[in-house]
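A short worksheet on the structure shown next.
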Amino acid sequence: MELYIVRHGQSMAQTKEDTSCDPHLSQKGLLQAEALGDRFSDIHFDYIYASHQSRALQTAVEVAKKQTGKPLITVVPELAECGVNPLWDCDVDFHKSVYDNLSYTKTRLENIYSNDIERSLSALKLCVFPHAYESGFTKISDSNEGPVKSNEVNVLIAAHGMYDAYLLSHLVNFPFDVNMVVEQHNTCVNHLSLYMVNDIRRVKFISFNDYHHLSEEIV
């Protein structure tokens, strides 16, 4: 499985244009998201997930627009930025105005999370594990056989800077500390391969905080 965790593009909160709880992408943010879509245009995503905050959804939409057909985007409130209550209602009308093939998970109505760490683990179980280890990866009997290849499943998660750090921390089994600085640039790409070797789960980092798809004008 190839997993791509990205941060949203620049928001109108970052430009001081919108101080609401759900700012949209700025004009630069939209250009950044379009550039991300161009970067991913030759990758077929089997699953696309986004948080229910508009800036993350808009970013996922620009990727989806460059895919063949009109792929489903699953909106997952558990992927919201740290400190945001996943029970908070999103702007569904705005979502539908930018993309009309959306599905909303119901899990937020059934779970009360004690903290962001618990919520991030729940998001991974919802968005990643069903398509990875639990669904049967290509199992490699000998790690010396050559380059490790996972099964042909590509998953995109569009979320938020701090929240991406939580997700990455869980995946590599590294305790997250709020005092750590885990830099996540606008529309950066974190690419990981998830696979099995001798029935042991493995995670390989391919790229971290990679934003080479952005030109100097929109970095």
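The values are calculated or read from the model by the stated rules, or taken from the named source; none is laboratory data. All values reported here derive from a predicted model rather than from experimental measurement. When we count neighbours, we look across all protein chains shown, and the Cβ atoms used for this are built from the backbone with ideal geometry, even at glycine.
Miscellaneous remarks
- Residue selected from the range 24-42 under the condition under 15 Å from the mean Cα position of the chain (by Cα) and of a type in the set (A, V, I, L, M), by the criterion farthest from Leu156 (Cα to Cα): Ala33
- Screening Thr68 against (1) part of a loop (DSSP other than H, G, I, E, B); (2) farther than 24 Å from Met1 by Cβ; (3) polar (S, T, N, Q) leaves a single unmet condition, (2).
- In the range 193-207, the residues that are in contact with a helix residue (DSSP H, G or I) (Cβ under 8 Å, 6 or more places away or on another chain) and either modelled with pLDDT of 95 or more or more than 20 Å from Tyr47 (Cα to Cα) (or both): Met196, Arg201
- Every condition in (1) within 16 Å of Ala158 (Cβ to Cβ); (2) touching a strand residue (DSSP E or B) at 6+ places or on another chain (Cβ under 8 Å) holds for Met12 except the one numbered (1).
- The set of residues in the range 167-219 that are acidic (Asp, Glu) and surrounded by 13 or more Cβ atoms within 10 Å (Cβ to Cβ) contains only Asp210.
- Residue in the range 39-48 that is part of a loop (DSSP other than H, G, I, E, B), aliphatic (A, V, I, L, M) and over 23 Å from Arg119 (Cβ atoms) present: yes
- Test for Lys16: is it over 24 Å from Leu171 (Cα atoms) and in a helix (DSSP H, G or I): no
- Criterion (surrounded by 18 or more Cβ atoms within 10 Å (Cβ to Cβ), in contact (Cβ under 8 Å) with a residue 24 or more places away in the chain and over 12 Å from Ala158 (Cβ atoms)) met by exactly one of Arg55, Arg119: Arg119
- Among the residues of the range 58-85, just one is over 12 Å from the mean Cα position of the chain (by Cα), among the small types (Gly, Ala, Ser) and crowded, with 20+ Cβ neighbours inside 10 Å, namely Ala64.
- Any chance Ile140 is of a type outside the set (Asp, Glu) and at pLDDT below 95: yes
- Some residue of the range 29-45 being surrounded by fewer than 21 Cβ atoms within 10 Å (Cβ to Cβ) and without any contact (Cβ under 8 Å) to a residue 12 or more places away in the chain: yes
- When residues of the range 103-116 are limited to those that are polar (S, T, N, Q) and not in a helix (DSSP H, G or I), the one surrounded by the most Cβ atoms within 10 Å (Cβ to Cβ): Thr105
- Some residue of the range 86-102 being touching a residue at least 12 places away in the same chain (Cβ under 8 Å), surrounded by 15 or more Cβ atoms within 10 Å (Cβ to Cβ) and in a strand (DSSP E or B): yes
- Leu25 closer than 21 Å to Ile218 by Cβ, in contact with a Phe, Trp or Tyr (Cβ under 8 Å, 6 or more places away or on another chain) and hydrophobic (A, V, I, L, M, F, W, C): no
- Count of the range 164-205 residues, restricted to those that are in contact (Cβ under 8 Å) with a residue 60 or more places away in the chain and more than 11 Å from Ile5 (Cβ to Cβ), is 9.
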